[in-house]
Amino acid sequence: MAANSTAAARPDLEAHAVIKRFGHQVAVDAVSFSVARGSFFSILGPSGCGKTTLLRMIAGFIAPDGGDIRIGGRSMAGVAPNRRPVNMVFQHLALFPMMNVAENVAFGLARRAVPRAERTRKAEAMLERVGLAGAGLKRVDELSGGQRQRVAIARSLVLEPTLLLLDEPLGALDLKLREHMKIELKQLQSAFGTTFVYITHDQSEALVLSDHVGVMNRGHFEQLGTPQELYYAPATPFVAAFVGANNRMTGKASAVHGELVDVTTDAGWRIRARRIGTIGVGAAVEAFVRPEAATIGRTSAELAPLAGQVVHAGDVESLLFDGANSAVLVREAASRFEFRIALPQTGRYADLKVGERIAFSFDPERAACFAAPPAHA
Amino acid sequence: MLEATATAAWHRRLMLGLLLAPALLWLFALIVLPHLDLALLSFREPVAPRKYVPSLAQYRTFFAEPLYWHVFMRTAILSALATALTLLIAFPVAWTIAKLARGRMGALLFVVCLIPFWVSETVRTLGWMILLRESGVLPALLVRLGLTNGPVELLYHDATILVGLVYTSLLFMVVPLVGSLESLDNSLIEAAYDLGSGGFAILRKIVIPHAAPGITAGCIVVFMLTLGNYLTPTLLGGKNSLWFTEQIYTQFITRFNWEQGAAFGFLLLALSTAMVWFGLKLSGQRFSDVMRRT
Amino acid sequence: MIPSLPRPLWLRASTAVFLVAFLVFLFLPLVIVAVFAFNDANYPAPPWHGFTLDWFLGNDSAGRVGLFRDTQLLASIWTSFVVACWVTVLAVVVGTANAFLMERADFPGKGALSMLMLVPLVIPGVILGISILAFASRVADFASDVFGLELDFLRPGLPLVVLGQFSYIVAIATLTISARLKRFDRTLEDAALNLGATRPAVLRTITLPYLRPALVGSAAIAFLMSFENFNTTLMLVGADSPLTIMMYGRMREGATPVLNAVSLFLMVASALLALTLMRRNDRKDA
């Protein structure tokens, strides 16, 4: 019992100050994190942020220049990719075209010299679990995009790896199928209970799927946390800008009142936002307001119940109708700054006209203000 | 860790060595060194049994003896003629395969065109000999049709040699032509037509520029193969064939005059290389691209 | 012009006539060769004297030696076969190594080497033949003079024929196999490694099966080109003549229809080979 609980407590994947350089460029810069057993962990970042390099180091295709990667408590230094308890779903799936579906799934078992009969049995059982019962004799190119995806996952999971790595596997699918596969992936993960490490540049995938997300930028993690933490309490301007939609304003701090900062944006608009980190008066800052944190009204009187919030005036610039995700672009009356506001799903403001003067306000507690990061060379 | 990387590096070097060895052995033992040796051979002259001095005598003989010179030029001109004829005949065929035939017909026609070339050149030449010789099928047919009084000898003419050479070369022209014509987007032709071009203008402005790489590749290969052909000219041209490869054979094998034969070989190689180079310059292409095409 | 554009009737008609004429031109010699293999006459020439199988089965009783009794011809077919097998194996093995070298390895002088690999394709076969003949003889002379070694395989004969044909056929095999290897998606190898395969297992289960069509194709081409080769072989041949050399010799003397018989035999063999290959490809496409 005790042994069990320590094993359960031990993270399946630990990275300690992992470094990788390509020439003078540092692709992965002293990244440390750990992934708990059975959880779904995503590494989210724009292309070129080093996430693929990090993933390939975990898989063993690239050797780190420094630091240590431990899988299931065992250091992976010098362990060849084919000897790691890790399997991977590749970006374009990399199903073997010269083999049928069952042979693809049984490939890893065959390499472990599992007897043929057992191999067939396990492959069939696995195909059934991913909803592809009876598809074993099909050729890989006869499958649909979603089915191929499931074969790729089945091929890895049949080996019962400690860790399943997924390299943007949904990237090649069209939008509808991608939405569908997101849900399917999440269900598969909870059904199998395998630890998933997923990399993506799509913040929505990361938010929907993950228990924890590491947001990666320029080779390091900007923030590690649950999707909710990333969304509601971004730790850096990069996270605020990258995760979810946000109105971004740069300017100077004109006054600091405890947790709140008065900001005069470059366009000359004065707003109030919550301070994150230390900010001195006169410092360059970046402020973020989520579209759904703002409230819209036809007149300032409508917004009166929101006592204590500054009411701004604006003109409707354009209407972005998208069903439940509809929004309106507003130009703030004085500074002409373009500001995005989510429309309430009641459809109450569906009849707004371009050019119409409206009032809007937002809760300063839900606006985040950061000291502007030093400009990158 | 360090030890592991050292072993890996050693492994890589071993693999590279293992892969390089056959390539180098092939290229140096069978291509580079033999040709260097051939060059040396062509620049020497026997002065006594097993005694040689460096000299240009072999090349001097070539220019001094009108027969050699004549045969050389004749071979070059007939080869160029055969190449041009092959292009003229192969182009409409390739066009039909690539553009006109619908669905599987094109593929079928292509395969049909390739079939004769699965059979040895010797067999094909035998066919032409039975067809064309005085006691052969065509002369008999001509008599039967009343076109000639008695059987005529259709073998041993320059035209016969040309027919044989064109026949043998067709494949090497059709294949690259089909390749380059298939990659031509039909909508380009439709657009040109729509913009008021006639058939000839489309051919000149759209089709030929697009197919130029294929045409060059085909012409280079056909010219080279024709120039180096031995079987067809000697069998279809008989004693009158006067083909340069025959001179090389005579010097090398019959007269055992290797020095002269080597010089002749080099002259043929120079001509062939010059034409390849010229063809590439003319169409502004790279050698490696052209060779991959064929 | 293309089907979507109007084509005048004369153009369509002349296209059709041209195509028919072309196909006649293409197949007439082969048909003639095949037909006269069965003519009951001592020379392959008209007129038609009736049907006979003498040129296949004849046993010298009527002065006619058929293909299956002509030991000389049969021996030359065997010689060609043996030579072709050697050339095929060598060309495919070395061609595969070359393909991996050019597509996977990096080393100084790679560009020059890849150029050099194409050179054998633009050297006329006769010259390949004489250069290898001369060089091999010089090496053999040198070994004999200096070390007293008799290197018989460097004298005109079948080993030299194999080397001569190999010298340019391997370039074709290299191109064919490289072209396919270039299109190979290397993440398949990563995926196999990731699923626990060792390097040799990846080669055996993933990379070579992927290359298989190119390997089979280049083997067929190598075999055929070797079997048909004349120019290079002519310069390097010794006492044992391969089939093309044997046929050439007899054609110059004005031979009996037994040559037609052996030609028909070759046609049938080539057709069977071609059909088998196409069947394989069709199955792959289906």
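Would you confirm whether or not the stretch A:280-287 contains a residue that is free of Cβ contacts under 8 Å to residues at least 40 places away in the same chain, closer than 15 Å to residue A:309 by Cα and over 28 Å from the mean Cα position of the chain (by Cα)?
So far as the stretch A:280-287 goes, no, none of its residues is free of Cβ contacts under 8 Å to residues at least 40 places away in the same chain, closer than 15 Å to residue A:309 by Cα and over 28 Å from the mean Cα position of the chain (by Cα).
Look through C:219, C:191 and report the one residue that is part of a helix (DSSP H, G or I) and either in contact with a strand residue (DSSP E or B) (Cβ under 7 Å, 6 or more places away or on another chain) or among the charged types (D, E, K, R) (or both). Give the steps one after another, and end with the answer.
Working: C:219 fails: either in contact with a strand residue (DSSP E or B) (Cβ under 7 Å, 6 or more places away or on another chain) or among the charged types (D, E, K, R) (or both).
On inspection, the qualifying residue turns out to be C:191.
Restrict the check to the stretch B:2-12 and report whether at least one residue is over 30 Å from residue A:67 (Cβ atoms) and surrounded by 12 or more Cβ atoms within 10 Å (Cβ to Cβ).
no
Does residue B:258 satisfy being within 11 Å of chain C (Cβ to nearest Cβ) and closer than 30 Å to residue B:46 by Cα?
yes
Which residues, taken from the stretch A:62-75, are buried (at least 18 other Cβ atoms within 10 Å of the Cβ), closer than 17 Å to residue A:28 by Cα and not β-branched (Val, Ile, Thr)?
Across the stretch A:62-75, the qualifying residue is only A:64.
Answer yes or no: is there a residue in the stretch B:221-232 that is closer than 30 Å to residue B:153 by Cα and over 17 Å from the mean Cα position of the chain (by Cα).
Among the residues of the stretch B:221-232, not one is closer than 30 Å to residue B:153 by Cα and over 17 Å from the mean Cα position of the chain (by Cα), which makes the answer no.
Identify, from the list B:38, B:85, B:33, B:78, the residue that is more than 30 Å from residue C:131 (Cβ to Cβ) and assigned to a helix (DSSP H, G or I). Quick ask: steps written out before the conclusion?
Working: B:38 fails: more than 30 Å from residue C:131 (Cβ to Cβ); B:33 fails: more than 30 Å from residue C:131 (Cβ to Cβ); B:78 fails: more than 30 Å from residue C:131 (Cβ to Cβ).
Of the residues listed, the single one that is more than 30 Å from residue C:131 (Cβ to Cβ) and assigned to a helix (DSSP H, G or I) is B:85.
Would you tally the residues in the stretch C:93-107 being assigned to a helix (DSSP H, G or I) and either surrounded by fewer than 24 Cβ atoms within 10 Å (Cβ to Cβ) or facing another protein chain (nearest Cβ under 8 Å) (or both)?
Initially, the stretch C:93-107 is screened for residues assigned to a helix (DSSP H, G or I), giving C:93-104.
Filter once more, so that each one left must be either surrounded by fewer than 24 Cβ atoms within 10 Å (Cβ to Cβ) or facing another protein chain (nearest Cβ under 8 Å) (or both): C:93-94, C:96-98, C:100-104.
Count: 10.
Please determine, by comparing only the residues of the stretch C:169-194 that are over 30 Å from residue C:225 (Cα atoms) and in contact with a Ser or Thr (Cβ under 7 Å, 6 or more places away or on another chain), which one is nearest to the other protein chains (Cβ to nearest Cβ).
Applying the filter and picking the extreme gives C:192.
Is it the case that some residue within the stretch B:44-52 is more than 12 Å from every other protein chain (Cβ to nearest Cβ), within 26 Å of residue B:225 (Cα to Cα) and either in contact (Cβ under 8 Å) with a residue 40 or more places away in the chain or outside any helix (DSSP H, G or I) (or both)?
no
Which of (1) farther than 23 Å from residue B:57 by Cβ; (2) within 11 Å of chain C (Cβ to nearest Cβ); (3) modelled with pLDDT of 90 or more does residue B:233 not meet, given it meets every other one?
Of (1) farther than 23 Å from residue B:57 by Cβ; (2) within 11 Å of chain C (Cβ to nearest Cβ); (3) modelled with pLDDT of 90 or more, only one is false for residue B:233: (2).
For the condition among the small types (Gly, Ala, Ser), within 11 Å of chain C (Cβ to nearest Cβ) and surrounded by fewer than 18 Cβ atoms within 10 Å (Cβ to Cβ), what is the one hit in B:283, B:183, B:187, B:272?
Criteria check complete, one pass: B:187.
Would you check which residues across the stretch C:135-144 are away from every other protein chain (no Cβ under 11 Å) and in contact with a helix residue (DSSP H, G or I) (Cβ under 6 Å, 6 or more places away or on another chain) and list them?
C:140, the sole residue that qualifies.
Hey, could you check the stretch A:295-333 for residues that are of a type outside the set (Asp, Glu) and touching a Gly at 6+ places or on another chain (Cβ under 7 Å) and say which is surrounded by the most Cβ atoms within 10 Å (Cβ to Cβ)?
Initially, the stretch A:295-333 is screened for residues of a type outside the set (Asp, Glu), giving A:295-301, A:303-314, A:316, A:318-321, A:323-331, A:333.
Applying the additional criterion that residues be touching a Gly at 6+ places or on another chain (Cβ under 7 Å) yields A:303, A:316, A:330-331, A:333.
Working: A:303: 20, A:316: 19, A:330: 27, A:331: 16, A:333: 15.
For the stretch A:295-333, the residue satisfying everything is A:330.
Where residues in the stretch C:30-53 are within 7 Å of chain B (Cβ to nearest Cβ) and outside any loop (DSSP other than H, G, I, E, B), which of them is farthest from residue B:170 (Cα to Cα)?
Filtering first and then ranking leaves C:36.
If you check residue B:165 against the conditions, is it in contact with a Phe, Trp or Tyr (Cβ under 6 Å, 6 or more places away or on another chain) and assigned to a helix (DSSP H, G or I)?
Working: in contact with a Phe, Trp or Tyr (Cβ under 6 Å, 6 or more places away or on another chain): no; assigned to a helix (DSSP H, G or I): yes.
When the stated conditions are applied, residue B:165 does not pass them.
Is it the case that some residue within the stretch A:351-369 is farther than 18 Å from residue A:270 by Cα, part of a loop (DSSP other than H, G, I, E, B) and small (Gly, Ala, Ser)?
Yes, there is a match, as at least one residue in the stretch A:351-369 is farther than 18 Å from residue A:270 by Cα, part of a loop (DSSP other than H, G, I, E, B) and small (Gly, Ala, Ser).
Sort through C:56, C:27 and tell me the only one that's at pLDDT 90 or above, surrounded by 14 or more Cβ atoms within 10 Å (Cβ to Cβ) and not in a loop (DSSP other than H, G, I, E, B).
Result of the check over C:56, C:27: C:27.
Yes or no: residue B:148 in a helix (DSSP H, G or I) and either of a type in the set (Val, Ile, Thr) or at pLDDT 90 or above (or both)?
no
Could you pull out every one of the strands (runs of 3 or more DSSP E) wholly within the stretch A:138-256 that has 2 or more residues that are surrounded by fewer than 22 Cβ atoms within 10 Å (Cβ to Cβ) and in the same structural domain as residue A:120 (by TED's automatic domain parsing)?
Where strands (runs of 3 or more DSSP E) fall fully within the stretch A:138-256 and carry at least 2 residues being surrounded by fewer than 22 Cβ atoms within 10 Å (Cβ to Cβ) and in the same structural domain as residue A:120 (by TED's automatic domain parsing), they are A:212-217, A:220-225.
When residue C:207 is evaluated against the numbered criteria (1) out of contact with any helix residue (DSSP H, G or I) (no Cβ under 7 Å at 6 or more places or on another chain); (2) more than 23 Å from residue C:118 (Cα to Cα); (3) within 14 Å of chain A (Cβ to nearest Cβ), which criterion, by number, is the only one it fails?
(1)
May I ask you to verify whether residue C:66 is more than 9 Å from chain B (Cβ to nearest Cβ) and in contact with a Leu (Cβ under 6 Å, 6 or more places away or on another chain)?
yes
Looking only at helices (runs of 4 or more DSSP H) that fall completely inside the stretch C:222-286, which ones have 2 or more residues that are surrounded by 13 or more Cβ atoms within 10 Å (Cβ to Cβ) and at pLDDT below 90?
Where helices (runs of 4 or more DSSP H) fall fully within the stretch C:222-286 and carry at least 2 residues being surrounded by 13 or more Cβ atoms within 10 Å (Cβ to Cβ) and at pLDDT below 90, they are C:258-285.
Can you tell me which residue in the stretch C:1-24 is nearest to the other protein chains (Cβ to nearest Cβ), limited to those that are hydroxyl-bearing (Ser, Thr, Tyr) and surrounded by fewer than 13 Cβ atoms within 10 Å (Cβ to Cβ)?
Filtering the stretch C:1-24 for residues that are hydroxyl-bearing (Ser, Thr, Tyr) and surrounded by fewer than 13 Cβ atoms within 10 Å (Cβ to Cβ), the one nearest to the other protein chains (Cβ to nearest Cβ) comes out as C:4.
Got a sec? Which of A:367, A:342 is closer than 30 Å to residue A:277 by Cβ, of a type in the set (A, V, I, L, M), assigned by TED's automatic domain parsing to the domain that holds residue A:297 and touching a Pro at 6+ places or on another chain (Cβ under 9 Å)?
Only one candidate qualifies: A:342.
Which residue out of C:81, C:147, C:166 is among the aromatic types (Phe, Trp, Tyr), more than 7 Å from every other protein chain (Cβ to nearest Cβ) and within 29 Å of residue B:279 (Cβ to Cβ)?
C:166
Does at least one position in the stretch C:104-124 carry a residue that is modelled with pLDDT of 95 or more and within 21 Å of residue B:224 (Cα to Cα)?
Checked against the condition, which is being modelled with pLDDT of 95 or more and within 21 Å of residue B:224 (Cα to Cα), the stretch C:104-124 yields no hits at all.
Kindly evaluate residue B:91 against the criterion of being within 30 Å of residue B:166 (Cα to Cα) and either among the small types (Gly, Ala, Ser) or under 24 Å from the mean Cα position of the chain (by Cα) (or both).
yes
The values are calculated or read from the model by the stated rules, or taken from the named source; none is laboratory data. None of the values given here were measured: they were computed from a predicted structure. With ideal geometry, Cβ positions are generated from the backbone for all residues, glycine too; neighbour counts draw on all protein chains shown.
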